[in-house]
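The values are calculated or read from the model by the stated rules, or taken from the named source; none is laboratory data. Note that this is a predicted model, so its numbers are computed, not measured. Here the Cβ is made from the backbone with ideal geometry for all residues, glycine too, and neighbour counts use every protein chain on show.
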């Protein structure tokens, strides 16, 4: 599975959009991009995933660049409860099933 | 949506004793369950993958005789930490799914060995 690079930390003002970048320049054609978040002392929570098209659900939007070498997770109106570590994971759509977590981005939403 | 229940949420045990952690898929059948360990201020590290009815596959460096995994049914997997020592103190998390992600994670178990 391709390696991902994320900034270690970010701040966002409450009510503003939080844009979390992820670089995955070695991604291959059949690898999906998954986003999870982990609030302190809890298990990871699934947010969204995509292959090449942009995706949106009730939690967030996922924007994948045309060359698929990077993506951005967008939380449209961040709240204090969105403070968490956000993990971007690239994984093949076939073969091994496990998700490998990197260090993620610690998002702090500021009042 | 899919729910994974993990029990207990916290446990304190004495050094040398064994501790069992349960992971249950409440509203779906999970052919595969994963066990992770997370030390303070670190990311999740995969310990093992278990498929229902077969032996677990352990990641390199994880002692299979120390961390016993049983996945006897499609809704239950257990992790037993045998002869626990203080260095085994950690946050243990399971996840469950059927073949492709996204997988659902349990809420984790905080193990403290004293």
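Counted as qualifying within the range A:59-111 are the strands (runs of 3 or more DSSP E) with 1 or more residues that are more than 14 Å from the chain's Cα centre (by Cα), more than 14 Å from chain B (Cβ to nearest Cβ) and buried (at least 17 other Cβ atoms within 10 Å of the Cβ), namely A:105-110.
Note on the range B:57-75: among residues that are under 11 Å from the mean Cα position of the chain (by Cα) and either surrounded by 19 or more Cβ atoms within 10 Å (Cβ to Cβ) or at pLDDT below 95 (or both), the one that is nearest to residue B:29 (Cα to Cα) is B:71. Where strands (runs of 3 or more DSSP E) fall entirely within the range B:60-114, those with at least 1 residues that are more than 14 Å from chain A (Cβ to nearest Cβ) are at B:67-73, B:76-81, B:109-113.
Only residues that are more than 9 Å from every other protein chain (Cβ to nearest Cβ), surrounded by fewer than 19 Cβ atoms within 10 Å (Cβ to Cβ) and touching a strand residue (DSSP E or B) at 6+ places or on another chain (Cβ under 8 Å) were counted in the range A:13-54, giving 16.
Just the residues that are under 17 Å from residue A:32 (Cβ atoms) and crowded, with 22+ Cβ neighbours inside 10 Å, please, taken from the range B:102-114. Passing the criteria: B:103, B:104. The residue pairs whose first member lies in the range B:70-89 and is without any contact (Cβ under 8 Å) to a residue 24 or more places away in the chain, whose second member is in a loop (DSSP other than H, G, I, E, B), and whose beta carbons are closer than 8 Å, counting only pairs six or more residues apart or on different chains, are B:72/B:52; B:72/B:53; B:73/B:52.
Just one of (1) exposed (fewer than 13 other Cβ atoms within 10 Å of the Cβ); (2) farther than 24 Å from residue A:35 by Cα fails for residue B:99. It is (2).
Look at (1) closer than 22 Å to residue B:2 by Cβ; (2) in contact (Cβ under 8 Å) with a residue 12 or more places away in the chain; (3) part of a loop (DSSP other than H, G, I, E, B) and you find that residue A:33 fails only one, number (3).
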